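As structure tokens, the structure follows; a few thoughts come after it.
A short reminder: the numbers here are calculations on the coordinates, not readings from a lab. Given the structure is predicted, the values throughout are model-derived calculations rather than measurements. As a convention, Cβ positions derive from the backbone with ideal geometry for all residues, glycine included, and neighbour counts pool all protein chains shown.
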Amino acid sequence: MERDYVLGTHEDELQRLGLQHYIWRPHALKCWNEVGITQGSKVLDIGAGPGYATVDLADIVGESGEVVGIERSSNYLQHLREKLADKPNVRSYEMDIMKDDIPEDDFDFSWCRWVNSFLPDPSVLVRKNYDALKTGGKAIFHEYVHYETWQFIPPSQPQEEFIQEVIKNWRETGSETNVAKTLPQLLVNQGFELEATNPLVFVIRPHDFMWHWPLSFVEINLARQLELGRIEKLWADSVMEAFETRTKDPNSVMITPMMLEIIAKKC
Ligand SMILES: C[S@@+](CC[C@H](N)C(=O)[O-])C[C@H]1O[C@@H](n2cnc3c(N)ncnc32)[C@H](O)[C@@H]1O
């Protein structure tokens, strides 16, 4: 049975995750390079989704390395397995990080992006992540730290209402959008040493590739919330219109929702 979550695991969302990965790929690659992921590394991809980052990690670690993807959605896992069918250095497991144990350990690195903000208790992930790493291994997170940074300049009321709706929606499922505010302390309490906490926030314009990151999220998210009967069509139209108007204006400016890159070492 498919195990859905607040954003859904339908085809449109799967495609959106692909676009999102290509937009964020340079930042992931830079981080992995700086942290030391290389040929021969053993990497755990936590909440791997449809496997877009998993493919890149598999190519980087090469035949002498290994990548293990863990993911709760069977739809996403099926996509991951199809994409990675020709890569013998990848294994994947269908599991719920809140309930199931990570079936392998001794990892050099773990990679976890946009997952903790969907969990009822990120401390469980932090503990299992710690146990899965070898001593000296590094955990890498890219998670939201201040979602409200996301705004147009000048501000737009429908866009601000949209953010509040997203945060409320996630909180109703028992999770916290700005999870990176709590992660550093959870990691330290678990026995990790913090190596880096780098902000990831951008000021973008409609001609920037990154503009399509928030834009595609709004399109897909509004359609899903409408389908679920959570929002009114009139309000959804006003949000979409605000985004379309700004997108058509080449002088528009947007600040992206602020993420935090956290690198923590297992002592
Ligand atoms: C926004 S997607 C991010 C996917 C991927 N990390 C990426 O960067 O493209 C969040 C992922 O977390 C997974 N997820 C959510 N809760 C989970 C849980 N309890 N155990 C395992 N995976 C979970 C979802 O199924 C989804 O694939």
Radius of gyration and Dmax for segment 150-211's Cα atoms, expressed in Å? 15.8, 44
Gain on full stretching of the segment that runs from residue 203 to residue 4 - 0.36 nm per residue minus C-alpha separation: 68.4 nm
In degrees between 0 and 90, to the nearest 10, how far off the longest principal axis of the chain does helix 52-61 point, with axes built from Cα atoms? 30 degrees
I'd like the orientation of helix 233-248 relative to the chain: the angle between its Cα long axis and the longest Cα principal axis, in ° from 0 to 90, rounded to 10. 80 degrees
Apply 1/(1 + (r/R0)^6) to the Cβ-Cβ distance of residue 135 and residue 255, taking R0 = 30 Å, and write down the FRET efficiency to the nearest 0.05. 0.15
Qualifying GluC sites (Glu not before Pro) in segment 232-263, DSSP loop, other Cβ atoms within 10 Å at most 12: 232
On the principal axes of its Cα set, how long, how wide and how thick is segment 126-257? Give whole Å, largest value first. 52, 34, 19
Where does segment 108-178 land on Rg(C-alpha)/(2.2 N^0.38 Å)? 1.40
With the crude spin-label approximation of a point 7 Å out along Cα→Cβ, what separation in nm comes out for residue 127 versus residue 98? 1.5 nm
Calculated FRET efficiency, residue 30 and residue 194, Cβ-Cβ r, R0 25 Å, to nearest 0.05? 0.85
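Considering only Cα-Cα distances, which of the following residue pairs are longer than 21 Å: 99/128; 42/87; 87/266?
Numbers: 99/128 10 Å; 42/87 14 Å; 87/266 29 Å.
Result: 87/266 exceed 21 Å.
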Which FRET efficiency, nearest 0.05, do residue 235 and residue 153 yield, Cβ-Cβ r, R0 22 Å? 0.45
Straight-distance crosslink candidates among aspartates and glutamates, where the alpha carbon sits under 18 Å from residue 248 and sequence neighbours closer than 8 are dropped: 208, 219, 237
If you line up the long axis of helix 212-227 against the longest principal axis of the chain, both from Cα atoms, how many degrees apart are they, to the nearest 10? 80 degrees
Please report the orientation-averaged projected area of the chain, defined via the convex hull of its C-alpha atoms, in nm². 13.5 nm²
